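Okay, so here's the structure we're looking at.
What follows draws every value from the coordinates through simple rules; no lab data is involved. Since this is a predicted model, take the numbers as computed values, not measurements. Because the Cβ atoms are built from the backbone with ideal geometry, glycine has one as well, and the counts that use them run over all protein chains shown.
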Amino acid sequence: MEFLAAEWIGKPIWMWAGFLAIVLGLLAFDLGVLHKEDREMGISESLWLSAFYIGFAVLYGGAIWWGYELGLIETTDGTHAGVTYFTGFFIEKALSIDNVFVISLIFGFFAIPRKYQYRALVWGIVAVILLRGLMIGIGAALVQEYDWILFVFGAFLAATGIKMLVVPDSDPDVSKNPVVRFLKKRMRVTEELHGQSFFVRKPDPRTGRLVTWATPLFLALVVINIADLIFAVDSVPAIFAITTDTFVVYTANIMAILGLRALYFALAAMVHRFQYLKYALALVLVFIGGKIFWNQIFGKVDPAISLSATLAMIAGGIFYSLWKTRNGTRVEAG
């Protein structure tokens with residue numbers, strides 16, 4: 001029991017173990033019960049499952065809020081754990097919507113049927129848990145060792161937001177992705193899918209011996225996780241700008257991503273209706289980047305103000321997008 005009470009990155013080990021147990025339990029229930037058989041997920045099911053994940057994330061955030069108010073949970077930087085969790089959760093959720101379009105392109109390029117897409121997305125979360133943990137761990141170490149790194153985060157976020165405002169979007173060409181080229185050169189890859197399998201045993205055309213082949217589903221999984229890492233370059237500094245408490249940063253990240261995988265099938269069908277959300281997210285990044293400089297020079301901004309401003313900008317971007325595309329027509333956003 002002493003081991004569980006020991007601290008690791010600012011929190012008792014039992015808190016980290018409990019959170020990971022919750023996440024793994026949700027994934028096991030999702031894959032082992034709800035989606036034991038491969039089938040196409042409809043928009044209605046996608047929305048209901050996403051509502052479940054969002055509701056669970058809100059309850060978890062409520063538990064953190066309650067624990068902070070009772071003095072059971074303290075943050076390493078003195079911020080309100082509940083407020084910063086929800087701010088980070090909503091920012092990550094909104095930023096992740098951009099992932100949907102890229103994921104859709106990746107599945108289209110590899111010709112992955114919808115009935116296999118969800119399983120690939122959920123298994124991808126296992127990689128996300130590890131990769132995001134690694135990135136957040138590196139970020140936490142940098143912040144702890146070098147205070148000035150927050151200024152770098154702030155400048156990067158502001159520059160990224162300004163770039164999003166002024167630079168037109170362009171569709172990524174998956175066929176030219178260096179990861180795809182690298183894997184195809186160094187791995188045996190089948191031309192066709194083999195159900196939900198990431199790897200299969202097939203004869204080598206030259207020797208006739210049974211060897212292991214990767215399938216297009218595995219390539220899609222790898223490229224999706226590489227894309228997630230690229231998006232994390234924006235989202236991880238954004239949450240560190242709100243709080244440097246590693247536990248809050250990590251849990252908010254993972255909870256937001258869990259629900260996004262479920263929401264993917266609904267969003268993929270109507271992603272064109274969120275085209276103005278990009279500008280709202282750009283403003284959020286500029287706001288958070290500027291807030292870092294304000295915090296360091298003039299003193300910390302009230303976390304409740306950050307949460308309110310973030311929610312207002314994200315909600316404004318969503319509702320404006322839905323209003324502009326209410327007739328079902330795509331409007332050029334610039």
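Is region 106-239 rounded, prolate or oblate when judged by the Cα gyration tensor, a ≥ b ≥ c being the square roots of its eigenvalues, rounded requiring a/c under 1.5 and prolate requiring a/b larger than b/c?
Working: a/c = 2.66, a/b = 2.03, b/c = 1.31.
It comes out prolate by the Cα gyration axes.
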- Message: If Rh is defined by the Kirkwood formula over all Cα pairs and Rg also comes from Cα, what ratio Rg/Rh do you get for region 215-312?
- Response: 1.03
- Query: Based solely on its DSSP helices, what 222 nm [θ] is calculated for the chain when runs of n ≥ 4 H residues each add -39,500 (n - 2.57) and the sum is averaged over all residues, nearest 500 deg cm²/dmol?
  - Reply: -24000 deg cm²/dmol
- Rounded Å value of the spacing that divides the Cα centres of region 42-66 and region 283-326: 22
- Message: Give me Rg/Rg_expected for region 45-169, where Rg uses Cα atoms only and Rg_expected = 2.2 N^0.38 Å with N residues.
- Response: 1.31
- With θ set to phi - 60° and the Karplus curve 6.51 cos²θ - 1.76 cosθ + 1.60, what are the ³J(HN,Hα) couplings of region 80-91 in order, to the nearest whole Hz, using x for Gly and Pro? 6, 4, x, 5, 5, 4, 5, 4, x, 4, 5, 5
- Message: With a 10 Å cut-off between alpha carbons and a GNM built on the chain, which of 18, 317, 259 moves the most?
- Response: 18
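Quick check for the chain: number of Lys pairs with alpha-carbon distance under 16 Å, counting only pairs 8 or more apart or on different chains? Show your work: numbers first, answer last.
Working: 36/115; 93/278; 163/278; 176/184; 176/185; 278/324; 291/300.
So the count of such lysine pairs works out to 7.
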- Message: Give me, ordered by chain and number, the residues 5 or more places off residue 211 or on other chains with an amide H under 5 Å from its own placed amide H.
- Response: 202, 204
- Task: Provide the net charge surrounding residue 126, with neighbours chosen by a C-beta distance below 15 Å and charges set as Lys +1, Arg +1, Asp -1, Glu -1.
- Result: +1
- Item | the chain, dipole about Cα centre (Lys/Arg Cβ +1, Asp/Glu Cβ -1), debye to the nearest 20 | 1360
- Message: Among 323, 59, 148, whose Cα projects farthest towards the positive end of the dipole of the chain, with charges put on the beta-carbon of Lys, Arg (+1) and Asp, Glu (-1)?
- Response: 323
